[in-house]
Amino acid sequence: VDLSGGLVAATSNQWETAVARLEQRIPLGTTDLNLALTTAADTFSGKAAQRTVIYLGDGVNRAHLIDTAEHRELVDRLVAEHITFSSLAIGPIVDVATLASFSNHTGGVLYSRNEIQESTQVIGRSLAMSSLMPVVWIVDAQLPRALSSHFPQTFPPLRIDRDTIVVGEATD
């Protein structure tokens, strides 16, 4: 749900209005992650600024289950448009696998509240700071010829604040 009428500065009156609208909503846990990410991607302008979507929630997609083809299409779009997805998985039941998949494939980060001892404020600051970290979008990567295959198939974006892993299988 668009609460601000588009992207706004955190110092604007529109931001205050959006926060007030958000505080009036009842968090019933109905997530349509596909629609949320598609809407977020549509909101970004064509400017060359870094684009980051930050998601706070459980990641459990109750409103619209994303099948494999939709997931791949959405990841491909985010990568093509250089949009990172980062999240804080929070709630009694969380779909860490889905959130991790979007984060890993788009050069974002994932924090899981259940796995972190620090306060929510510390996690929030870390998540905000991670959105400022540069992401290197790989245009072409040549892996060693000794690898017959690798996962993921598309070389993932690189970050300076987290590891990027590509797993390969060597030829005989």
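Quick notes on this one:
- For segment 113-134, filtering for residues that are within 25 Å of residue 77 (Cα to Cα) and open to solvent by less than 20 Å² (accessible area, probe 1.4 Å) leaves 2.
- Those residues of segment 120-151 which are of a type outside the set (Gly, Ala, Ser), part of a loop (DSSP other than H, G, I, E, B) and more than 23 Å from residue 55 (Cα to Cα), in sequence order: 138, 139, 140, 142, 143, 144, 145
- Output for segment 135-148, where each listed residue is under 22 Å from the mean Cα position of the chain (by Cα) and open to solvent by less than 90 Å² (accessible area, probe 1.4 Å): 135, 136, 137, 138
- Among residues of segment 108-128 that are touching a residue at least 60 places away in the same chain (Cβ under 8 Å), those with a beta-carbon under 7 Å from a residue that is aliphatic (A, V, I, L, M) and outside any loop (DSSP other than H, G, I, E, B) at least six positions away or on a different chain give the pairs 127/54; 127/88.
- Filter pass, residue 84 being at pLDDT 90 or above and under 22 Å from residue 155 (Cβ atoms): yes
- Every residue from segment 149-158 that is open to solvent by less than 70 Å² (accessible area, probe 1.4 Å) and in contact with a strand residue (DSSP E or B) (Cβ under 6 Å, 6 or more places away or on another chain): 149, 150, 157, 158
The values are calculated or read from the model by the stated rules, or taken from the named source; none is laboratory data. Source: prediction; values computed, not measured. Reconstructed Cβ throughout: ideal geometry from the backbone, glycine too, with neighbour counts over all protein chains shown. Accessible surface is based on the protein model in full, side chains and every heavy atom, while ligands, DNA and RNA are left aside. Shrake-Rupley method; radii C 1.70, N 1.55, O 1.52, S 1.80 Å.
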